[in-house]
Amino acid sequence: MFTGVIREIAKANLIGNKIKINAKYKPNIGDSIAINGACLSVVKADSNSFEVDISSESKKVIALENYYNNNVHIEPAMKLSDRLEGHILQGHIDCKGKIEKIIKNGISYDFFISIPTEFMKFIIPKGSIAIDGVSLTINDVFKDSFRLTIIPITVENTLFKEYKIGRIVNIETDMFARYIYHIFKDKKSISWDDVDAIMARWM
């Protein structure tokens, strides 16, 4: 599990089925770490870098072009004792999104991001989403896109300061939205007993 609070911006280089990461952070072999939001396992580590394997399945889903000699977000898996400062993430990328528009809004920036329409059912106004592993809040939802407001501290401490229109990014939708949709997708109606049953599972 992850929180969407970025530990470091590191340099990644994808070669074959491995990604080499040059970073200050020093993981152990076997550790889980999110690279631009994708949960991967450390298979090699030395004093200056570490490597993770990437499967064919992951290659199909993530924005692969951003791993070739590029800066990436990294976040180690959270410990049970850690503060939850973002939101709960699994590091499972749902799809790729595209930055369609960036508008300066006072001291902040509005980012408009489009995604495949089949994933829009998980996009909820004021809900959570992860963009390249960064935990963010959704402001507006449209037919096939949504709007995020990125505050200055997030811009300065993430790759959002580098993002341009047309950038392809990794998207992880809210885990709870996915679970709730899966539970009720075949139901024609919902009762308060159903609601109580769901709440009991998470309390």
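Miscellaneous remarks
- As an equivalent ellipsoid, the chain spans semi-axes of 29, 22, 16 angstrom, where each value is the square root of five times an eigenvalue of the C-alpha gyration tensor, largest first.
- Per residue Cα convex hull volume in Å³ - calculated over segment 3-65: 89
- Summing Cβ point charges (Lys, Arg +1; Asp, Glu -1) relative to the Cα centre of segment 107-153 gives a dipole of roughly 140 debye.
- Taking the C-alpha atoms only, the angle from helix 175-184 to the longest principal axis of the chain is near 40 degrees.
- Structure remark: mean-square fluctuation, Gaussian network model of the chain, C-alpha springs under 10 Å; the largest value among 54, 115, 183 belongs to 183.
- Dipole moment magnitude, nearest 20 debye, the chain about Cα centre, only Lys, Arg, Asp, Glu C-beta charged: 360
- When only the Cβ of Lys, Arg, Asp and Glu is charged (+1, +1, -1, -1), the dipole of segment 61-142 relative to its Cα centre reaches about 120 debye.
- The ranking of 61, 42, 52 by Cβ neighbour count inside 10 Å, starting from the fewest, reads 61, 42, 52.
- For segment 88-93, 3J(HN,Hα) per residue [Karplus equation, 6.51 cos²θ - 1.76 cosθ + 1.60, θ = phi - 60°, Hz, x = Gly/Pro]: 6, 10, 9, x, 9, 6
- In degrees, nearest ten, helix 192-202 long axis to first principal axis of the chain (Cα): 20
- Cleavage-rule hits, trypsin sites (Lys or Arg not before Pro), segment 50-119, DSSP coil, Cβ neighbours within 10 Å at most 16: 79, 83
- Calculated mean residue ellipticity, 222 nm, the chain: -4500 deg cm²/dmol, from DSSP H runs (n ≥ 4) at -39500 (n - 2.57) each, averaged per residue and rounded to 500.
- The mean of 1/r over all pairs of different alpha-carbon atoms in segment 16-135, once inverted, gives a Kirkwood hydrodynamic radius of 16.0 Å.
Every number in this text was worked out from the coordinates using simple rules, so none of it is lab data. Since the model is a prediction, treat every value here as computed from it, not as a measurement. Ideal geometry is used to build each Cβ from the backbone, glycine not excepted, and the neighbour counts take in all protein chains shown.
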